[in-house]
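Some notes on the structure that comes next.
The values are calculated or read from the model by the stated rules, or taken from the named source; none is laboratory data. No experiment lies behind these values; they were computed from the predicted model shown. Neighbour counts are summed over all protein chains in view; Cβ atoms, including those assigned to glycine, are modelled from backbone coordinates with ideal geometry.
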Amino acid sequence: MNTTPSQPESPEGLINPNTPLPGAPELHYAEGQLHLEGVALADLVKQLGTPLFAYSKRSMLEALKRYQLGFAGRRARVHYAMKANSNLAILQLFARAGCGFDVVSEGELDRVLAAGGLAQDVIFSGVGKTRGEIARALKAGILCFNVESTPELEVINAVALELGRVAPISIRVNPNVDPKTHPYISTGLKDNKFGVAHEETLALYQHACTLKGLRIEGIDCHIGSQITTTEPYVDALNRVLDLVEQIESHGIAIHHLDFGGGLGIQYQDDTPPDANELWKTLWAVLDARGFGNRQIMVEPGRSLVGNAGVCLSTVQYVKPGKHKNFCIVDAAMNDLPRPAMYEAFHAIAPVSLHSSAAPAVYDVVGPVCESGDWLGRHRTLQVSAGDVLAVLSAGAYCTSMSSNYNTRGRAAEVLVDLERWHLIRERETTADQIRLEKLLA
């Protein structure tokens with residue numbers, strides 16, 4: 001039996017405790033133990049077990065502050081894109097900090113209201129809104145619908161007339177700008193399912209003017225996610241402003257400009273622009289073109305919560321192999337789907353640096369019965385069974401995309417606030433999962 005771990009080519013090196021981690025300074029080592037703000041993550045694991053997601057309150061508020069600094073003195077507002085992470089406590093935190101919300105389902109609208117947010121601060125996006133969702137949003141009194149097609153425009157108008165209401169709308173234009181990101185999270189190219197083609201937008205606004213159940217409020221654009229350069233934003237902004245000038249030259253007023261979200265975070269070697277610096281560049285374009293006093297909306301998600309979160313997981317087995325070694329942990333693709341779904345990279349760090357194990361190169365994998373169930377490949381680690389690992393930059397598109405595959409309960413979640421922590425989601429049990437199911441008579 002081979003018990004000597006093999007050494008694949010080009011592994012990621014051992015974590016250096018003196019090198020800033022994604023999520024720093026909130027995420028750091030002190031006396032060999034990984035801390036989130038002032039809380040030792042090993043202590044959380046002792047009390048709550050694993051898998052466990054922990055989020056830094058300070059990290060989220062600091063990320064929001066970068067946008068708010070960029071908007072100082074301007075008519076502009078952040079609407080948190082809650083699909084990134086829809087935990088009620090996180091929504092409550094952002095509502096208290098002055099955010100509006102971007103939702104893509106009736107369920108997300110319900111979550112905003114349950115967290116103390118206001119319907120009048122909600123933008124409703126998404127390509128497949130149902131008549132029921134449209135009616136629910138109209139009755140609640142949302143701020144605006146972002147319309148993504150001609151058929152949707154007609155349905156919103158029909159539902160509004162049935163209810164005796166007028167629906168506030170903006171039209172999402174697809175500017176055909178390449179955001180230079182993963183194809184699954186690119187949304188602004190002509191082959192994507194989102195938005196209205198650039199060349200069809202004016203005609204759709206003119207048609208919207210004839211529909212008595214609609215009120216035109218603005219224009220919307222969102223080109224993708226995990227964008228790490230400024231150029232795609234500048235390109236999209238100029239194309240949208242060209243359209244606004246064209247639309248308004250036909251006597252149709254555009255009251256607000258919604259530029260979506262998409263700003264990236266650091267997962268590995270990513271160096272996205274700071275939100276404040278990005279908006280200095282964009283304001284320069286807006287001012288130069290005479291739009292600096294217009295109402296501006298943005299819908300960041302990942303950039304507010306992504307680096308704030310870690311997923312803590314316990315090593316179950318170390319399995320050496322002739323060609324590859326496996327570090328088998330208790331978190332899986334159902335908890336943290338991004339690697340399986342996008343082949344995404346997440347840094348993986350030991351919670352304790354006091355391991356007696358020899359360094360070796362591993363694929364870090366979960367217990368789910370799929371070969372695609374992996375969290376990291378070719379990682380140099382010093383691990384033994386019982387050690388705890390932290391998967392970093394796990395605040396966005398992890399718990400919100402999690403599932404019960406293999407009848408696995410969703411992980412517990414904790415919000416860390418300086419030296420204190422708050423349990424914001426209990427660990428899901430099998431009884432929770434099967435509660436709505438019925439046996440045959």
Exercise. Given the residues GLU162, GLU106, which is the only one that is farther than 27 Å from THR210 by Cα and either surrounded by fewer than 22 Cβ atoms within 10 Å (Cβ to Cβ) or in the same structural domain as ARG425 (by TED's automatic domain parsing) (or both)?
Worked result: GLU106
Exercise. Is it true that GLY292 is surrounded by fewer than 23 Cβ atoms within 10 Å (Cβ to Cβ) and either modelled with pLDDT under 95 or not polar (S, T, N, Q) (or both)?
Worked result: yes
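If you scan the range 389-441, which residues turn out to be hydroxyl-bearing (Ser, Thr, Tyr) and within 18 Å of GLY306 (Cα to Cα)?
SER393, TYR397, THR399, SER400, SER402, listed by residue number.
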For this session: Answer yes or no as to whether TYR267 is in a loop (DSSP other than H, G, I, E, B) and among the aromatic types (Phe, Trp, Tyr).
Result: yes
For this session: Could you grab me the full set of residues in the range 339-370 that are hydroxyl-bearing (Ser, Thr, Tyr) and under 13 Å from ILE328 (Cα atoms)?
Result: TYR362
Exercise. Quick check: is even one residue across the range 72-81 within 21 Å of the chain's Cα centre (by Cα), farther than 21 Å from PHE194 by Cα and among the aromatic types (Phe, Trp, Tyr)?
Worked result: no
Exercise. (1) closer than 28 Å to ARG408 by Cα; (2) in contact with a Cys (Cβ under 6 Å, 6 or more places away or on another chain): which one isn't true of VAL78, the others all being true?
Worked result: (1)
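Got a sec? Which of LYS65, LYS46 is of a type in the set (Lys, Arg), without any contact (Cβ under 8 Å) to a residue 40 or more places away in the chain, farther than 20 Å from TYR397 by Cα and outside the structural domain of GLY261 (by TED's automatic domain parsing)?
None of the others qualify; the one that does is LYS46.
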For this session: Please go through the range 68-82 and pick out each residue that is assigned to a helix (DSSP H, G or I) and of a type in the set (Gly, Ala, Ser).
Result: GLY70
Exercise. Considering the range 253-283 alone, what residues qualify as being surrounded by fewer than 16 Cβ atoms within 10 Å (Cβ to Cβ) and either under 21 Å from CYS144 (Cα atoms) or not assigned by TED's automatic domain parsing to the domain that holds VAL147 (or both)?
Worked result: ALA253, HIS255
Seminar exercise, completed: If we ask which residues in the range 109-133 are under 17 Å from SER400 (Cβ atoms), of a type in the set (A, V, I, L, M) and surrounded by fewer than 19 Cβ atoms within 10 Å (Cβ to Cβ), their number turns out to be 1
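Is there a residue in the range 324-339 that is modelled with pLDDT under 95 and either touching a strand residue (DSSP E or B) at 6+ places or on another chain (Cβ under 8 Å) or surrounded by fewer than 24 Cβ atoms within 10 Å (Cβ to Cβ) (or both)?
Checked the range 324-339: at least one residue is modelled with pLDDT under 95 and either touching a strand residue (DSSP E or B) at 6+ places or on another chain (Cβ under 8 Å) or surrounded by fewer than 24 Cβ atoms within 10 Å (Cβ to Cβ) (or both).
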